[in-house]
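Q: Before we start, here is the structure in question, set down as C-alpha cells.
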Amino acid sequence: MNLFLILIGAALINNYVLVQFLGMCPYFGVSKKSETALGMGVAVMFVMVVASTMTHLFHQHILVRFEIEYLQTIVFILIIASIVQFLEVFMKKNFPALYAMLGVYLPLITTNCVIFAVTIINVNNEYTLIEAIIESLGAGLGFTLAIVLLAGIREKYNNNPDIPEAFEGLPMALFAAGLMSIAFMGFQGII
C-alpha cells in the first residue's frame, strides 16, 4: 500500500509541475501539440526512472560507502546528462520525426530541474530502490499528464477566433496552467 501512496502522491497530490512548479521550460515549450507533448512526457518519464535508479545505486554504493556525499550534485547531473545523451541518440536513430518535433527541448531534459529534484528527493527521503523507482515513475506520470492536458487545452483554444490577440500564445497557456494548478491542488486532502 505504501508504494501505491508514493505513486499517487508524486503523480497527483505533489505533482512536480502543477503543485511544485518544477520543469516549466519543456512544459510550456513542448505543449503546443498533443503528440509532441506525449513524446516529451514519455522521454522525461524514462529519463526520470533510469536516473533515479542509477543515482540511488551510485549514492548508496559509492558516495556513502566512500563518504563523498558532497559530490552528489555533480555526480547526479553527470548521470542524468549521460542518460539524456543515450536517449537523444536512440530517438534520432529510431524516431526521427519525434526527435525533430522535440527539437532543442530534448537535450534540455539534462537541465530539467524536475528530474534532478526527483533524484535529490529520493535520497533525502531515504527511499529504498523500489520506492525511488515508484516515486520517479509517479513524477513522470504526473509530468506526462500535466503536459498532455495543457497541450490539449492549447490545441483547443488555438483554433478559437474569440480569444483576444493580447492573450494568444503564452499568456493563454499561463492562464490555463494556473487553472490546472488550482485543480491539482484540490488533490491535497486525499492522502
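The values are calculated or read from the model by the stated rules, or taken from the named source; none is laboratory data. Worth saying up front: this structure is predicted, and the values here are computed from it rather than measured. When we count neighbours, we look across all protein chains shown, and the Cβ atoms used for this are built from the backbone with ideal geometry, even at glycine. Just so you know, the surface numbers come from the protein's heavy atoms only, side chains and all, with ligands and any DNA or RNA stripped out. Shrake-Rupley method; radii C 1.70, N 1.55, O 1.52, S 1.80 Å.
Q: Identify all residues within the stretch 121-151 that are in a helix (DSSP H, G or I) and open to solvent by 30 Å² or more (accessible area, probe 1.4 Å); write none if there are none.
A: Ile121, Asn124, Leu129, Ile130, Glu131, Ile133, Ile134, Leu137, Leu141, Leu145, Val148, Leu149
Q: Test Phe116 against the criterion of being over 15 Å from Ala37 (Cα atoms), open to solvent by 30 Å² or more (accessible area, probe 1.4 Å), among the aromatic types (Phe, Trp, Tyr) and touching a residue at least 24 places away in the same chain (Cβ under 8 Å), and give yes or no.
A: Yes; evaluated as a whole, the condition is true for this residue.
Q: Residue under question is Val19, and the condition is that it be open to solvent by 10 Å² or more (accessible area, probe 1.4 Å), within 15 Å of Ala151 (Cβ to Cβ) and of a type in the set (A, V, I, L, M); does it hold?
A: For Val19, the condition - open to solvent by 10 Å² or more (accessible area, probe 1.4 Å), within 15 Å of Ala151 (Cβ to Cβ) and of a type in the set (A, V, I, L, M) - is not met.
Q: Please verify whether Glu88 is open to solvent by less than 40 Å² (accessible area, probe 1.4 Å) and over 28 Å from Ser181 (Cα atoms), treating the condition exactly as stated.
A: For Glu88, the condition - open to solvent by less than 40 Å² (accessible area, probe 1.4 Å) and over 28 Å from Ser181 (Cα atoms) - is met.
Q: Can you run down the residue pairs with Cβ atoms below 7 Å, 6 or more apart or on separate chains, where the first is in the stretch 153-177 and in contact (Cβ under 8 Å) with a residue 24 or more places away in the chain and the partner is basic (Lys, Arg) and open to solvent by 90 Å² or more (accessible area, probe 1.4 Å)?
A: Arg154/Lys32; Glu155/Lys33
Q: Here is a check on your reading of the model: is Met40 in a helix (DSSP H, G or I), in contact with a Gly (Cβ under 8 Å, 6 or more places away or on another chain), open to solvent by less than 50 Å² (accessible area, probe 1.4 Å) and touching a residue at least 12 places away in the same chain (Cβ under 8 Å)?
A: Criteria not met by Met40.
Q: Is it the case, given these coordinates, that Ile79 is more than 13 Å from Gly41 (Cβ to Cβ), of a type in the set (A, V, I, L, M) and surrounded by 16 or more Cβ atoms within 10 Å (Cβ to Cβ)?
A: So Ile79 fits the description; yes.
Q: Give the residue, chosen from Leu129, Leu145, Leu102, that is under 14 Å from the mean Cα position of the chain (by Cα) and not acidic (Asp, Glu).
A: Leu145
Q: Out of Thr128, Thr144, which single residue is within 15 Å of Val30 (Cα to Cα), modelled with pLDDT of 90 or more and in contact with a helix residue (DSSP H, G or I) (Cβ under 9 Å, 6 or more places away or on another chain)?
A: Exactly one residue qualifies, and that residue is Thr144.
Q: Right, something else. Pull up the stretch 43-58, narrow it to residues that are touching a residue at least 40 places away in the same chain (Cβ under 8 Å) and more than 18 Å from Val89 (Cβ to Cβ), then point me to the one that is farthest from the chain's Cα centre (by Cα).
A: In this case the residue turns out to be Leu57.
Q: Name the pairs: first residue in the stretch 25-37 and touching a residue at least 12 places away in the same chain (Cβ under 8 Å) and over 7 Å from Ala151 (Cβ atoms), second residue open to solvent by 20 Å² or more (accessible area, probe 1.4 Å) and in a loop (DSSP other than H, G, I, E, B), Cβ to Cβ under 9 Å, at least 6 apart or on different chains?
A: none
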